[in-house]
1. Angle check, please: helix A:299-318 long axis (alpha carbons) against the longest principal axis of chain A (alpha carbons), in degrees 0 to 90, nearest 10.
2. Which semi-axis lengths, in whole Å and largest first, follow from the square roots of five times the eigenvalues of the Cα gyration tensor of chain B?
3. Send over a whole-number figure in Å² for the accessible area per residue of region B:3-140, probe 1.4 Å.
4. Quick one: if you stick a label point 7 Å off each Cα along the C-beta vector at B:Met1 and B:Leu17, how many nm between them?
5. Order B:Asp22, A:Asp219, most accessible first, counting only protein heavy atoms with a 1.4 angstrom probe.
6. Kindly flag which residue pairs out of A:Lys403/B:Lys78; A:Lys389/B:Lys78; A:Lys227/B:Lys23; B:Lys23/B:Lys78 have an alpha-carbon separation exceeding 23 Å in this structure.
7. For chain A, what mean projected area does the convex hull of the alpha carbons give, in nm²?
8. Taking R0 as 35 Å, what FRET efficiency do you get between A:Leu142 and A:Lys242 from their Cβ-Cβ distance, rounded to the nearest 0.05?
Amino acid sequence: MIKYPIEAIRKDFPILSRPVNGRPLVYFDNGATSQTPTQVVKAMEKVYLEINSNIHRGVHTLSNLCTEAFEDARKKVAKYIGAASEKEVIFTRGTTEAINLVAQSFGETFLGKDDEIIISAMEHHSNIVPWQLLQKRAGITLRIIPVNDDGSLDMEEFYNLLNPKTKLVAVTHLSNVLGTINPVEEIIEAAHNINVPVLIDGAQAIQHLPVDVQKLDCDFYAFSGHKLYGPTGIGILYGKEKWLNQMEPWQGGGEMIQSVSFEKTTFNELPYKFEAGTPDYVAAIGIGAAMDYIRSIGLDIISEYEAELYQYAFDRLSSIEGMQFYGTAEKRTSLISFLIKGIHPFDAGTLLDKMGIAVRTGHHCAQPLMDRFNIPGTIRASFGLYNTKKEVDALVDGLTKVKQLFG
Amino acid sequence: MTIKEIQDEIVDEFSMLTDWMDKYSLLIEIGNELDSFEEEHRTEQNLIEGCQSKVWLHAWLEDDKIRFMADSDAIIVKGIVSLLIRILDKRTPDEILNSELFFIDEIGLKEHLSPTRSNGLVSMVKQMRMYALAFKTKMEN
């Protein structure tokens, strides 16, 4: 096995060496936002300092250079996720906007009263609320795959829910609360057997697991830049060309049109049809640089390192008395949700922060899942490619101290 | 004691503690000592829901003074709730409406009353002032 270059990696993230509340920072909130390596910041800085100009249609040199860098980023994304063509890669503001795009556009084109959409009980609000809005607009019905006690999906119930009225399945690849890796291959295959397309929310998966959209055969795949060591404000919607071509545009403006007159407007081809207005080309170039960064280390090596770190963290945390884990399914990775008996997650999070340890507490934008487990929230430690066992030890020590404070 | 004097007293109590752990230990202790909340008042109407923790606030009028009873599911929040009650309980509506709360800042717990810390405390203070305004209007009529 190749030695994982952890020291070199940590040097790429200057923020990791800053103190917080007088203590060395332990950053375990990667599920919310990951840190950005110097390489990505430099790539974006270069755009502003050397080639900044509005993309497309410009005849001057800077515009051409910037357009080239922007389209090059799209190619990098296409390659990273194994898309058949870069036409299938649409830049959005994030995962949330990507899912909203599908809800609006796919909804408008294909869905009506009595049609059903299947989601799961472990979805982030971003993969619930857009469908609820569609429910209001188009009168569709939402069906929910239940979650088992161990945090896995009740697949038997999924098969029961699939029926001729089902028009779309939208599920998360990796739960942002439980860490469960869902059997998306099986879900996609079953849905496709009755010609139902599938959207995968990949916000928590794309940075930890190898994703090949053609192998998966998913119809849509959504994710964000800021959880992938890239910039904030940028995300990706991958969509199969056959769907995107049929779907109505969802926002109108510049770039997405071919010609405009007051009598008739015709729309541009893919992917521009879905990119109205000047996109955040700097962040798009940033996401390309983030993918370059991950590839330079190797996602397979990262996955392996993170899996080991995850197991170590789980074992160490298990030794704390009163520890209750949420999410113990067989296949899981990257983040651990837990509660300690008698301690409110807010109190634990506040005190850990005083020790320089950043975790997330609360409902993690998944209130239906909290209701399912009948808890107000959890403490969540989510890991990234730069975290270490030493940091896990600091978390365990921190929690021990929290317990002492509570007597 | 006036609202200002009680706040000065609290600032004094905390000023002796320089270590954050001692400060939070005291806050946890204060939280644990808060008068128990009468269950009949744990209603939807009295609930102030923060993103991170919940606060329950009940208010009533007693001899032209406003009385408060409150609770939280998080102990640190409960500690601050307890301090707020020590300062604002048994006051006239005008005293509350004219008060300025500076103790949180001065004891170094400012982050808990910032609007970004969605623990329900900001809404609780707002709600206490709303009660003062409502009781004042009621008393004037």
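1. The two axes meet at around 40 degrees.
2. Gyration-tensor ellipsoid for chain B: 24, 18, 13 Å.
3. Values: 7020 Å² over 138 residues.
Each residue of region B:3-140 exposes 51 Å² on average to a 1.4 Å probe.
4. Here the answer is 1.6 nm between the modelled labels.
5. Details: B:Asp22 75, A:Asp219 5 Å².
Putting B:Asp22, A:Asp219 in descending order of accessible area: B:Asp22, A:Asp219.
6. Details: A:Lys403/B:Lys78 17 Å; A:Lys389/B:Lys78 34 Å; A:Lys227/B:Lys23 35 Å; B:Lys23/B:Lys78 14 Å.
Checking Cα-Cα distances, A:Lys389/B:Lys78; A:Lys227/B:Lys23 exceed 23 Å.
7. Numbers: hull surface 85.3 nm².
For the Cα atoms of chain A, the hull's average projected area reads 21.3 nm².
8. Values: r = 25 Å, r/R0 = 0.71.
About 0.90, to the nearest 0.05.
The values are calculated or read from the model by the stated rules, or taken from the named source; none is laboratory data. Because the structure is predicted, anything quoted here is derived from the model rather than measured. Note that each Cβ is placed from the backbone with ideal geometry, even for glycine, and that neighbours are counted across all protein chains shown. Calculation scope for accessible area: heavy atoms of the full protein, side chains included, ligands and nucleic acids excluded. Shrake-Rupley method; radii C 1.70, N 1.55, O 1.52, S 1.80 Å.
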